[in-house]
Amino acid sequence: MAHTVSVIVGSLRKESYSLKIANALTKLAPASLKLNVVTLHGLSFFNQDLEANPPADWVAFRETLQKSDAVLFVTPEYNRSIPGVLKNAIDVGSRPYGKSSFNGRPAGIISNSPGPLGGVCAAMNLKQILPGYTGPIMQQPETYLVGVGDAFDDKGNLTKEALEKVLKQYLDAFAAWVEQHRK
Ligand code: FNR
């Protein structure tokens, strides 16, 4: 049976390249992976005061993670780090203390930017944050996608062959990683 992967998108933007990359990944994934794109619209701010009686949107997000065999983060870079919405999602998913819903699930990171640095700082920041809350984080191939601004047509379809090749390579490696480490 295919392993379920929650693909968490670090941008809320309607025309987000991160979202388009996540959607492209669902089409390119090998049969051993079932990718579900998870966007973070409507996920309320983490507030420790609400932990005893968590809002329905936190519960739903946590359940989505718990039903997954693995998680894959697709994120842009904001000011040399991850966007606040993604940090918030990690905070929500990581609680209650000792019961992270990411726990044990192998994780992957794909950063991107329309610019020349591919969001590498965001990816590095994520690698600092996640240990302790997820399963093992795939280290290679490191995937920081540069120049994604001209990779899609006006319907959001991936048209850049070089990028498609990189995504396929990543997915093959991630499929093997998930098979080895799945929850
Ligand atoms: C950016 N952007 C950006 N790009 C980058 O490569 N490094 C950075 O540090 C930043 N910082 C940054 C901060 C803020 C507040 C915004 C709004 C944007 C540009 C960013 O890569 C670009 O807007 C992307 O299109 C955002 O990703 P999505 O929404 O297309 O997925």
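The values are calculated or read from the model by the stated rules, or taken from the named source; none is laboratory data. What you see is a predicted model; the values in this text were computed from it and never measured. We place every Cβ from the backbone using ideal geometry, glycine too, and count neighbours over all the protein chains shown. The area values use the complete protein model at the heavy-atom level, side chains included, leaving out ligands, DNA and RNA. Shrake-Rupley method; radii C 1.70, N 1.55, O 1.52, S 1.80 Å.
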Here are A70, A31, A107: which of them is in contact with a Gly (Cβ under 7 Å, 6 or more places away or on another chain) and closer than 18 Å to A2 by Cα? A107
Just for the range 57-89: of the residues that are without any contact (Cβ under 8 Å) to a residue 12 or more places away in the chain and within 19 Å of L12 (Cβ to Cβ), which one is farthest from the ligand (Cβ to nearest atom)? A60
Would you confirm whether or not the range 61-71 contains a residue that is in contact with a Leu (Cβ under 9 Å, 6 or more places away or on another chain), open to solvent by 10 Å² or more (accessible area, probe 1.4 Å) and not acidic (D, E)? yes
For the range 26-35, which positions are free of Cβ contacts under 8 Å to residues at least 40 places away in the same chain and hydroxyl-bearing (S, T, Y)? T26
Look through the range 90-118, keep the residues that are within 16 Å of the ligand (Cβ to nearest atom) and small (G, A, S), and return whichever of them is surrounded by the fewest Cβ atoms within 10 Å (Cβ to Cβ). G115
If we scan the range 21-33, do we find a residue that is farther than 26 Å from A151 by Cα and open to solvent by less than 30 Å² (accessible area, probe 1.4 Å)? no
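What number of residues within the range 118-145 are of a type outside the set (D, E, K, R) and either assigned to a loop (DSSP other than H, G, I, E, B) or touching a His at 6+ places or on another chain (Cβ under 8 Å) (or both)?
Total satisfying the criteria: 14.
Each row is one residue, and each column tells you yes or no for (1) away from the ligand (no atom under 16 Å from the Cβ); (2) of a type in the set (A, V, I, L, M); (3) without any contact (Cβ under 8 Å) to a residue 40 or more places away in the chain.
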{"site": "M1", "(1), (2), (3)": "yes, yes, yes"}
{"site": "V9", "(1), (2), (3)": "no, yes, no"}
{"site": "L12", "(1), (2), (3)": "no, yes, no"}
{"site": "S18", "(1), (2), (3)": "no, no, no"}
{"site": "A24", "(1), (2), (3)": "no, yes, no"}
{"site": "V37", "(1), (2), (3)": "no, yes, yes"}
{"site": "L40", "(1), (2), (3)": "no, yes, no"}
{"site": "N47", "(1), (2), (3)": "yes, no, yes"}
Inspect the range 165-172 for any residue being exposed (fewer than 15 other Cβ atoms within 10 Å of the Cβ), at pLDDT 95 or above and farther than 14 Å from L25 by Cβ and give the result as yes or no. no
Among T134, T143, which is closer than 19 Å to L28 by Cα, of a type outside the set (K, R) and surrounded by 15 or more Cβ atoms within 10 Å (Cβ to Cβ)? T143
Exception for C121 within (1) within 18 Å of the chain's Cα centre (by Cα); (2) among the hydrophobic types (A, V, I, L, M, F, W, C); (3) surrounded by fewer than 17 Cβ atoms within 10 Å (Cβ to Cβ); (4) within 14 Å of the ligand (Cβ to nearest atom) falls at (3)
